[in-house]
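The values are calculated or read from the model by the stated rules, or taken from the named source; none is laboratory data. This one's a predicted model, so the numbers in the text were calculated from it and none came from an experiment. Note that each Cβ is placed from the backbone with ideal geometry, even for glycine, and that neighbours are counted across all protein chains shown. The area values use the complete protein model at the heavy-atom level, side chains included, leaving out ligands, DNA and RNA. Shrake-Rupley method; radii C 1.70, N 1.55, O 1.52, S 1.80 Å.
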Amino acid sequence: MQLPRDPSNVTHVLVAAFPARLADAVQSVLAVMPDARLAPAESFEVVEVQGETVAIPYRIYNEEPAAA
């Protein structure tokens, strides 16, 4: 997987934080999350999940979604 280098692409950064098989689920969750105030902090790329490297941001800046 190509890991994100540009933190301004929030969707790409957060999808890359999970195994590829969960990309659709991550995008579904992001669709209901409020927009981030800031780009995610730099990611660390030493996490391996079932043979796949993921890039987990040190911090994200999304507010919690409103209660339904």
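Got a number for carbon plus sulfur as a percent of the chain's accessible area, 1.4 Å probe?
Answer for the chain: carbon and sulfur cover 53 percent of the accessible area.
Just order 52-59, 32-39 by mean Cβ neighbour count inside 10 Å, highest at the front, would you?
For the peptides 52-59, 32-39, the packing ranking is 52-59, 32-39.
R0 = 30 Å: FRET efficiency of A39 with A67, Cβ-based, nearest 0.05?
0.70
Long-range amide H contacts for S43: which residues qualify at under 5 Å (H placed 1.01 Å from N, peptide plane, sequence gap of 5 or more or a different chain)?
Hits under the 5 Å cutoff: Y58.
Which angle from 0 to 90°, rounded to the nearest 10, does the C-alpha axis of helix 23-32 make with the longest principal axis of the chain?
20
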